[in-house]
1. Find the eigenvalues of the gyration tensor of the Cα atoms of the stretch 83-228, then list the square roots of 5 times those eigenvalues as equivalent ellipsoid semi-axes, largest first, in whole angstrom.
2. Pairs to check: LYS197/LYS275; LYS104/LYS277; LYS104/LYS278; LYS55/LYS277. Give those whose C-alpha atoms are more than 30 Å from each other in this structure.
3. Please find, in a Gaussian network model of the chain (springs between Cα atoms separated by less than 10 Å), the residue of ILE121, ILE193, ILE241 whose mean-square fluctuation is greatest.
4. When the accessible area of the stretch 97-183 is computed with all protein chains present and a 1.4 Å probe, what percentage of it is carbon and sulfur?
5. Per-residue ellipticity at 222 nm for the chain, helices alone: DSSP H runs ≥ 4 residues times -39500 (n - 2.57), over residue total, nearest 500 deg cm²/dmol?
6. Could you give the DSSP H helices of the chain that reach 20 angstrom or more along their long axis (alpha carbon positions) and whose average Kyte-Doolittle hydropathy is no lower than -1.0?
7. Using DSSP to call loops (not H, G, I, E or B), can you name the GluC sites (Glu not before Pro) in the stretch 26-75 whose Cβ has at most 13 other Cβ atoms within 10 angstrom?
8. Rounded to a whole number, what is D in µm²/s for the chain from Stokes-Einstein with the Kirkwood radius over alpha-carbon pairs (37 °C, 0.692 mPa s)?
Amino acid sequence: MNATFRQLRLFLAFAEHLSVTAAARACHVTQPTASMQLRELADGVGMPLYEQVGKRLYLTAAGEALARTARAMLDEWTAFEQHVDGIKGMTRGRLRLSVVSTAKYFVPRLLGSFCAAYPDIDIALEVLNRDGVVRRLRDNLDDLYIMSMPPGDLELERHAFLSNPLDVIASASHPLIGRDRIALAELAPLRFILREKGSGTRLACDNHFRALGFRPDVRMELGSNEAIKQAVAASLGLGVISRHALEDRPADEGLAVLQVEGFPVQSNWWTLYRKGKKLSPVATAFLHHLEQAGQR
């Protein structure tokens, strides 16, 4: 069986999007060319690589196996290219990064300083909810992943690089503002607005409340920090949110941080990748950059 790198890259794009049109666009070729290359690849394998069920396309077992093999081959080749560039004194390549939505408040700044040091590196950044990042982590689609609550059922390399305190927030006009050491029991009659179930913030929050024997009256579950801040500012309830999602002056957003006993919840931001994965030189450089930035 003969397959070119161009065909393998095209097939990986198809495997990610499950669309010939999207794969052609991602690889900068025409749709007829993409269809022909995929057909030639399937002929070389001797088995269908995908099938259509209804209006959707799905990878076959052979297609899934080829996607895993192609990804490993191209990752090794990319690492080799970056290694050769390093020998030549050059640092260039591509960094693929998936982060949970709350990390969007600080990751762009870290990427900015990294790109200033390595201007020839291209960045592919995916910002998703936690479930989306975990799916990409399971499929090993990226170089590195950033989240606050790593999945417990995968063998991972974990690097904590930044603290992630979770605070109780209220509207700027809330009567509890200015009080020191508010007992958690005082919040029992009040309603809470929390992140959706499955998010890292919600998992950490639920674990913390459970450990303290406290059951919040959850009025609303929202899928973004910005939505929670708007609802809390409108006096619809209290929120629990990462400090990274707040402005330096919460009052500018109509918010205040309450001094509740047992808060802030202390957690960390983690950089993750699958155990046994060989990081590219670019990914290794970014991992060191995160660790240094966290120390600062």
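The values are calculated or read from the model by the stated rules, or taken from the named source; none is laboratory data. Being a predicted model, the structure only gives us computed values, none of them experimental. Quick reminder, even Gly has a Cβ in these numbers, built from the backbone with ideal geometry, and neighbours come from all protein chains shown. Each accessible area value is taken on the protein alone, full model and side chains, heavy atoms only, with ligands, DNA and RNA left out. Shrake-Rupley method; radii C 1.70, N 1.55, O 1.52, S 1.80 Å.
1. On the way: eigenvalues 285, 62, 34 Å².
For the stretch 83-228, the ellipsoid semi-axes come out as 38, 18, 13 Å.
2. Working: LYS197/LYS275 27 Å; LYS104/LYS277 25 Å; LYS104/LYS278 26 Å; LYS55/LYS277 35 Å.
Beyond 30 Å: LYS55/LYS277.
3. ILE121
4. On the way: 1840 of 3920 Å².
After summing per-atom areas, the C and S share lands at 47 percent.
5. On the way: 9 runs with 119 residues, N = 296.
It comes out at -13000 deg cm²/dmol, rounded to the nearest 500.
6. Details: long enough: 31-45 (21 Å, -0.31); 61-87 (39 Å, -0.10); 281-295 (21 Å, 0.03).
Membrane-span-like by this criterion, though nothing is claimed about a membrane: 31-45, 61-87, 281-295.
7. Numbers: sites: GLU40, GLU51, GLU64; in loops: none.
Taking the stretch 26-75 and a limit of 13 other Cβ atoms within 10 Å, no loop GluC sites (Glu not before Pro) are found.
8. Details: Rh = 21.8 Å.
For these conditions, the coefficient is 151 µm²/s.
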